[in-house]
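Engineer: Quick one: the structure is below, questions incoming.
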Amino acid sequence: MVNAGDMNGSGNLMDFLDEPFPDVGTYEDFHTIDWLREKSRDTDRHRKITSKSKESIWEFIKSLLDAWSGWVVMLLIGLLAGTLSGVIDLAVDWMTDLKEGVCLSAFWYSHEQCCWTSNETTFDDRDKCPQWQKWSELLVSQSEGASAYILNYFLYIMWALCFAFLAVSLVRVFAPYACGSGIPEIKTILSGFIIRGYLGKWTLLIKTVTLVLVVSSGLSLGKEGPLVHVACCCGNFFSSLFSKYSKNEGKRREVLSAAAAAGVSVAFGAPIGGVLFSLEEVSYYFPLKTLWRSFFAALVAAFTLRSINPFGNSRLVLFYVEYHTPWYMAELFPFILLGVFGGLWGTLFIRCNIAWCRRRKTTRLGKYPVLEVIVITAITAIIAYPNPYTRRSTSELISELFNDCGALESSQLCDYINDPNMTRPVDDIPDRPAGPGVYSAMWQLALALVFKIVITIFTFGMKIPSGLFIPSMAVGAMAGRMVGIGVEQLAYHHHDWIIFRNWCRPGADCVTPGLYAMVGAAACLGGVTRMTVSLVVIMFELTGGLEYIVPLMAAAVTSKWVADAFGKEGIYEAHIHLNGYPFLDVKDEFTHRTLATDVMRPRRGEAPLSVLTQDSMTVEDVETLIKETDYNGFPVVVSKDSERLIGFAQRRELILAIKNARQRQDGVVSNSIVYFTEDPPELPPNSPHPLKLRRILNLSPFTVTDHTPMETVVDIFRKLGLRQCLVTRSGRLLGIITKKDVLRHMAQMANQDPESIMFN
């Protein structure tokens with residue numbers, strides 16, 4: 001809805017003021033912005049700057065600075081997001097190892113860094129060095145035996161509880177919005193919703209600190225989702241420094257879209273995947289200009305992270321891998337099976353997690369967030385420690401599962417029997433039967449898989465920062481690695497089967513189990529989030545191998561098809577609906593044959609619509625109407641008899657206009673007539689001074705007729721980002737449809753509870 005004052009080419013919003021009064025054009029908390037008005041205001045601002053730039057050199061320089069401010073903001077976002085990500089990675093690495101021991105030469109070194117500097121480390125025992133001591137060695141001078149194991153076990157649990165308690169306490173006291181993944185709220189904010197404080201400085205600080213604590217505690221969560229929230233907080237902070245963005249909510253959301261891309265860029269070391277993630281998953285309005293700026297922000301963020309080099313391997317992520325074995329057509333069948341598993345896991349997770357979160361919101365459980373975090377952390381630590389695959393950090397686990405077994409690998413998963421004296425039944429299949437280490441690793445992985453599936457359901461959604469990318473990838477990687485080893489052993493023991501003939505080059509592995517782990521990770525992440533294009537690009541950027549795109553695409557598409565068969569919502573959309581946010585998803589289809597008259601208010605039997613008349617209400621009448629109702633705005637009609645529509649006035653601007661008029665304009669009292677026409681009405685001689693409010697009147701509110709199909713109305717709300725739409729017949733006002741009305745009607749048509757939509 002285009003602001004009338006803007007249309008008239010005037011910056012003044014009231015006749016008696018030289019400048020617009022404070023807070024006009026801003027929005028209240030938990031309300032939706034008016035995209036059309038924001039677009040109109042930015043167009044007017046740009047036109048004004050362009051015309052002024054011809055007046056003097058200084059104005060021309062100012063216009064250049066204004067044009068470049070967008071790129072400066074992107075540069076700053078990329079630098080800060082990359083730096084914070086690097087610091088988080090380094091801190092997590094150190095604090096995760098702190099649960100098991102400490103470096104005597106420098107306590108701030110992680111286990112790996114400690115042994116890098118040691119001259120006494122052998123290649124076979126590269127994880128052991130005298131400078132690194134487990135807690136049992138330090139406290140009771142024992143590294144083996146039952147007492148040492150129990151002491152290490154106890155201290156592992158204590159450290160985990162300490163980290164988790166500190167994290168949940170910081171969130172609860174200083175920044176309640178720092179909890180969760182943040183992506184559902186980011187999606188809602190980018191669609192035009194206002195949540196004040198969600199992207200604030202305190203939220204940025206506390207989320208960064210607590211993210212380190214919760215990931216280090218060993219809980220089944222990741223840092224990738226919250227890093228998107230952290231990057232958007234950076235974007236919000238820098239956009240507040242430039243009036244071009246701070247005074248226009250629509251422009252601010254363009255910056256936040258680019259910031260989300262930078263967040264994924266540093267989370268996965270995937271700049272292009274980050275841009276596509278922002279486009280496919282979180283953004284609501286994504287013009288071409290935002291695409292370029294997102295690309296630049298993601299590039300700067302990735303470059304900054306690469307400069308910090310947090311993992312010491314010159315890579316942007318811990319689990320970067322390169323495979324040298326090609327895949328074969330027959331392997332598409334297990335890849336598609338992994339896609340089916342990913343879709344089923346995604347459906348199971350979403351349903352169970354939403355049921356648990358709903359229970360948390362509606363029962364006494366939600367009143368004890370600290371206790372819940374402590375209990376889940378204790379259960380996680382107690383069960384995780386005995387199994388080496390759940391004890392280590394999830395990123396390290398994924399890294400090991402993705403790895404190809406080379407000659408230098410010491411992992412149990414690479415414990416194959418290599419006897420050069422054994423004869424090879426087929427020259428081009430290497431003799432690699434699984435050793436005892438592989439079989440024991442398979443059992444441990446199976447137990448770890450069941451544990452991860454169950455514990456992640458209860459962990460995601462607690463009052464701490466919690467990402468879902470890494471746990472989902474871990475579930476898929478474990479399942480994929482087991483399938484990969486199974487296919488590998490099948491190929492070895494049954495090499496004469498027709499599907500295994502002529503597979504391999506001499507001396508090469510037929511099957512790469514690590515590739516199956518990667519495909520499984522993509523399938524499970526796709527099943528939970530319903531990402532497709534951005535997911536495949538992120539996984540491709542992780543591996544650096546173009547030839548594995550087809551397996552990844554097959555698994556991602558299969559997982560989406562299977563998951564969509566049980567429900568169209570991904571985990572983020574499900575949490576948006578659970579919280580009752582007014583999010584109108586562009587992916588939702590509306591096919592019901594209802595009309596605008598079926599949805600508009602007032603409905604039959606309800607009180608008539610609250611309206612303002614153009615020149616017959618007093619200031620007191622308007623104030624009474626505002627006080628007695630909670631509507632966001634009021635239609636303005638010629639008179640209550642004719643009900644011919646003139647325009648629409650926002651509630652907030654009415655309040656501000658009357659307040660400022662009382663303070664600054666003499667003669668405005670309670671019985672002053674308020675008029676929205678160009679000329680004042682004829683008044684008796686002794687009447688108080690009238691108040692003209694035409695400048696805050698939107699003279700072109702969006703209207704539809706009462707017989708407009710709701711399918712068209714929903715499309716209009718989606719594509720234009722409307723807050724409300726007026727329903728008329730032959731110019732006569734009949735009712736109003738708000739965004740909340742549209743969402744409630746859609747919920748009702750889908751047999752859901754319409755009262756779950758709580759906000760405007």
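Engineer: I need every pair where a residue in the range 219-233 that is touching a residue at least 12 places away in the same chain (Cβ under 8 Å) and within 14 Å of ILE206 (Cβ to Cβ) has its Cβ under 9 Å from the Cβ of a residue that is acidic (Asp, Glu) and surrounded by fewer than 24 Cβ atoms within 10 Å (Cβ to Cβ), sequence separation at least 6 or different chains.
Structural biologist: If the second residue must be acidic (Asp, Glu) and surrounded by fewer than 24 Cβ atoms within 10 Å (Cβ to Cβ), the pairs left are HIS229/GLU185.
Engineer: Further question on the same structure: What number of residues in the range 194-234 are outside any helix (DSSP H, G or I) and touching a helix residue (DSSP H, G or I) at 6+ places or on another chain (Cβ under 9 Å)?
Structural biologist: 13
Engineer: Within the range 524-541, track down each residue that is in a helix (DSSP H, G or I) and of a type in the set (D, E, K, R).
Structural biologist: Within the range 524-541, just GLU541 meets the criteria.
Engineer: Right, here's the next one. Checking the structure you have, find out if any residue of the range 426-434 is in contact with an Asp or Glu (Cβ under 8 Å, 6 or more places away or on another chain), under 30 Å from LYS367 (Cα atoms), surrounded by fewer than 24 Cβ atoms within 10 Å (Cβ to Cβ) and modelled with pLDDT under 95.
Structural biologist: No, the range 426-434 has no match at all.
Engineer: So, in the range 328-384, how many residues would count as being open to solvent by less than 60 Å² (accessible area, probe 1.4 Å) and part of a helix (DSSP H, G or I)?
Structural biologist: Within the range 328-384, residues that are open to solvent by less than 60 Å² (accessible area, probe 1.4 Å) and part of a helix (DSSP H, G or I) number 35.
Engineer: So, one more: With respect to THR390, determine if the residue is β-branched (Val, Ile, Thr) and exposed (fewer than 14 other Cβ atoms within 10 Å of the Cβ).
Structural biologist: No; evaluated as a whole, the condition is false for this residue.
Engineer: Tell me the residue from THR728, THR703 that is open to solvent by less than 30 Å² (accessible area, probe 1.4 Å) and either in contact with a Lys or Arg (Cβ under 6 Å, 6 or more places away or on another chain) or among the hydroxyl-bearing types (Ser, Thr, Tyr) (or both), please.
Structural biologist: Unique residue meeting the criteria: THR728.
Matching residues to (1) touching a residue at least 40 places away in the same chain (Cβ under 8 Å); (2) small (Gly, Ala, Ser); (3) loosely packed, with under 14 Cβ neighbours inside 10 Å:
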{"site": "THR594", "(1), (2), (3)": "yes, no, no"}
{"site": "GLY605", "(1), (2), (3)": "no, yes, yes"}
{"site": "THR613", "(1), (2), (3)": "no, no, no"}
{"site": "GLU623", "(1), (2), (3)": "yes, no, no"}
{"site": "GLU628", "(1), (2), (3)": "no, no, yes"}
{"site": "ARG644", "(1), (2), (3)": "yes, no, no"}
{"site": "ILE655", "(1), (2), (3)": "no, no, no"}
{"site": "ARG664", "(1), (2), (3)": "yes, no, yes"}
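Engineer: Output the residues belonging to the range 74-90 that are within 15 Å of PHE268 (Cβ to Cβ) and of a type in the set (Ser, Thr, Tyr).
Structural biologist: The answer is SER85, and nothing else.
Engineer: Inspect all residues belonging to the range 280-295 and state whether any of them is open to solvent by less than 10 Å² (accessible area, probe 1.4 Å), closer than 27 Å to THR512 by Cα and outside the structural domain of GLY544 (by the TED database).
Structural biologist: no
Engineer: Tell me, please, whether a residue that is touching a Cys at 6+ places or on another chain (Cβ under 6 Å), touching a residue at least 24 places away in the same chain (Cβ under 8 Å) and assigned by the TED database to the domain that holds VAL483 can be found in the range 335-350.
Structural biologist: The answer is yes; a qualifying residue exists.
Engineer: Taking TRP202 and the conditions (1) modelled with pLDDT under 90; (2) within 31 Å of the chain's Cα centre (by Cα), which numbered condition does it fall short on, given that it satisfies the others?
Structural biologist: (1)
Engineer: Also: Here is a check on your reading of the model: is ILE576 in a helix (DSSP H, G or I), among the β-branched types (Val, Ile, Thr) and modelled with pLDDT of 90 or more?
Structural biologist: Yes: the conditions hold for ILE576.
Engineer: Separate question: How many of the residues in the range 302-327 are touching a Gly at 6+ places or on another chain (Cβ under 9 Å), open to solvent by less than 50 Å² (accessible area, probe 1.4 Å) and within 18 Å of GLY484 (Cα to Cα)?
Structural biologist: Of the residues in that region, 2 qualify.
Engineer: Right, here's the next one. If PRO688 satisfies every condition in (1) over 28 Å from the mean Cα position of the chain (by Cα); (2) closer than 30 Å to HIS577 by Cα but one, which is the exception?
Structural biologist: Checking PRO688 against (1) over 28 Å from the mean Cα position of the chain (by Cα); (2) closer than 30 Å to HIS577 by Cα, the one that fails is (2).
Engineer: Another question about this same structure. May I ask you to verify whether VAL230 is over 12 Å from the mean Cα position of the chain (by Cα) and not aromatic (Phe, Trp, Tyr)?
Structural biologist: Judged against the criteria, VAL230 is not a match.
Engineer: Would you point out the residue of the range 607-626, among those that are hydroxyl-bearing (Ser, Thr, Tyr) and within 12 Å of PHE676 (Cβ to Cβ), that is nearest to the chain's Cα centre (by Cα)?
Structural biologist: THR613
Engineer: Moving on to the next point. If ASN751 satisfies all but one of (1) open to solvent by 40 Å² or more (accessible area, probe 1.4 Å); (2) assigned to a helix (DSSP H, G or I); (3) at pLDDT below 90, what's the number of the condition it fails?
Structural biologist: (2)
Engineer: Which residues, counting only those in the range 698-738, are of a type in the set (Lys, Arg) and more than 26 Å from PHE676 (Cα to Cα)?
Structural biologist: Passing the criteria: ARG718, LYS719.
Engineer: Let me ask something else about it. How many residues, within the range 635-666, are assigned to a loop (DSSP other than H, G, I, E, B) and not β-branched (Val, Ile, Thr)?
Structural biologist: 7
Engineer: Please tell me if TYR516 is crowded, with 24+ Cβ neighbours inside 10 Å and aromatic (Phe, Trp, Tyr).
Structural biologist: Judged against the criteria, TYR516 is a match.
Engineer: Which of the residues that make up the range 133-178 are under 35 Å from the mean Cα position of the chain (by Cα) and more than 23 Å from TRP94 (Cα to Cα)?
Structural biologist: Result: ARG172, VAL173, PHE174, ALA175, PRO176, TYR177.
Engineer: Based on this model, can you work out whether LEU75 counts as surrounded by fewer than 20 Cβ atoms within 10 Å (Cβ to Cβ) and either touching a residue at least 60 places away in the same chain (Cβ under 8 Å) or polar (S, T, N, Q) (or both)?
Structural biologist: yes
The values are calculated or read from the model by the stated rules, or taken from the named source; none is laboratory data. Predicted, not measured: the structure shown is a model, and the values here were computed from it. Please note: Cβ atoms are built from the backbone with ideal geometry, for glycine as well, and neighbour counts cover all protein chains shown. Side chains included, ligands, DNA and RNA excluded: accessible areas come from the protein's heavy atoms. Shrake-Rupley method; radii C 1.70, N 1.55, O 1.52, S 1.80 Å.
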